[in-house]
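Asker: Okay, handing you the structure first.
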Amino acid sequence: IDFDLILENVKDLNVLAGEGISQIEHMPGGARLRQPEPLPLTLYQNGIVMFSGPFRPYEDPSTQQCLQDIMDGYFPSELQLRYPDGV
């Protein structure tokens with residue numbers, strides 16, 4: 001696992017997802033600026049934790065696919081169900 005590549009690509013993906021850019025949220029009587037919700041990803045020596053979910057060892061095929069997507073420069077495909085309209 002190329003941790004340097006993962007960290008570099010996560011930074012790039014954060015920019016694509018709008019990191020640091022406020023979005024307008026319309027409310028009754030006006031609007032307010034809202035920051036996008038972060039997606040926590042914690043890398044450990046032997047696995048990852050995404051969101052506040054369970055620990056996922058690197059040997060797990062779904063973890064390998066998630067990290068491969070990131071190393072390829074894409075958002076993890078497993079997030080498509082959670083974010084059907086994109087990040």
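Asker: May I ask you to list the residues in the range 1-37 that are in contact with a helix residue (DSSP H, G or I) (Cβ under 9 Å, 6 or more places away or on another chain), of a type outside the set (A, V, I, L, M, F, W, C) and within 15 Å of residue 76 (Cβ to Cβ)?
Answerer: Across the range 1-37, the qualifying residue is only 9.
Asker: Scanning the range 53-87 for residues that are farther than 24 Å from residue 21 by Cα and of a type in the set (S, T, N, Q), which turns out surrounded by the fewest Cβ atoms within 10 Å (Cβ to Cβ)?
Answerer: So, considering only residues that are farther than 24 Å from residue 21 by Cα and of a type in the set (S, T, N, Q), the one surrounded by the fewest Cβ atoms within 10 Å (Cβ to Cβ) is 62.
Asker: Right, here's the next one. Among the residues of the range 5-33, what is the count of those that are open to solvent by 90 Å² or more (accessible area, probe 1.4 Å), closer than 21 Å to residue 83 by Cβ, under 18 Å from the mean Cα position of the chain (by Cα) and not aliphatic (A, V, I, L, M)?
Answerer: 2
Asker: Which residue, of 80, 65, 45, is polar (S, T, N, Q) and in contact (Cβ under 8 Å) with a residue 12 or more places away in the chain?
Answerer: Numbers: 80 fails: in contact (Cβ under 8 Å) with a residue 12 or more places away in the chain; 45 fails: in contact (Cβ under 8 Å) with a residue 12 or more places away in the chain.
Exactly one residue qualifies, and that residue is 65.
Asker: I'm checking my understanding of the structure. Among residues of the range 38-52 that are over 30 Å from residue 22 (Cα atoms) and among the polar types (S, T, N, Q), which one is modelled with the highest pLDDT?
Answerer: Residues of the range 38-52 that are over 30 Å from residue 22 (Cα atoms), as a first pass: 44-47.
Next, from what is left, pick out any that are among the polar types (S, T, N, Q): 45-46.
Values: 45: 93, 46: 96.
Going through the qualifying residues, I end up with 46.
The values are calculated or read from the model by the stated rules, or taken from the named source; none is laboratory data. For clarity, every value in this text was computed on a predicted model and none was experimentally measured. Note that each Cβ is placed from the backbone with ideal geometry, even for glycine, and that neighbours are counted across all protein chains shown. For accessibility, only protein heavy atoms count, side chains too; no ligands or nucleic acids. Shrake-Rupley method; radii C 1.70, N 1.55, O 1.52, S 1.80 Å.
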